[in-house]
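To start, the structure under review is shown below, and the notes come after it.
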Amino acid sequence: MVHLLVPGAAADRESEPQVGFVVSKAVGPAVVRNRVKRRLRHQARESLSGLPGSAVLVVRALPAAADADYDALGADLRRCLERVLR
């Protein structure tokens, strides 16, 4: 699940996009949650160039992310980003 906030015209367009991750205990124990966060962080880093300059992106991992491999997480993240950027 992805949420994107793009501030209005008064926002600084030269700033970098910000990304935050929400991975609750429903995803699994700490080891699994940290692995999911690391994978999502790396995948999101590749997608930052497509975001507006002052955007704030929040990525919420659902419990199914615990069983997803690296490529599946990346595909889901890209699909969500495409949908939210429309």
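Would you mind calculating the relative contact order of the chain from Cα pairs under 8 angstrom and at least 6 residues apart, reporting the percent as a whole number?
Working: 112 pairs, mean separation 40.7, N = 86.
With pairs under 8 Å counted, the relative contact order is 47 percent.
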With Cα atoms, 0 to 90° folded angle of helix 30-47 axis to the chain main axis: 30
What percent of all Cα-Cα pairs in the chain falls in each 10 Å bin, counting up from 0? 17, 50, 25, 8, 0
Restricting the count to DSSP beta bridges whose residues both fall in the chain, what percent are antiparallel, rounded to a multiple of 5? 40
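Taken together, the values in this text are just the output of simple stated rules run on the coordinates, not laboratory data. All of these numbers come straight from a predicted model, not from anything done at the bench.
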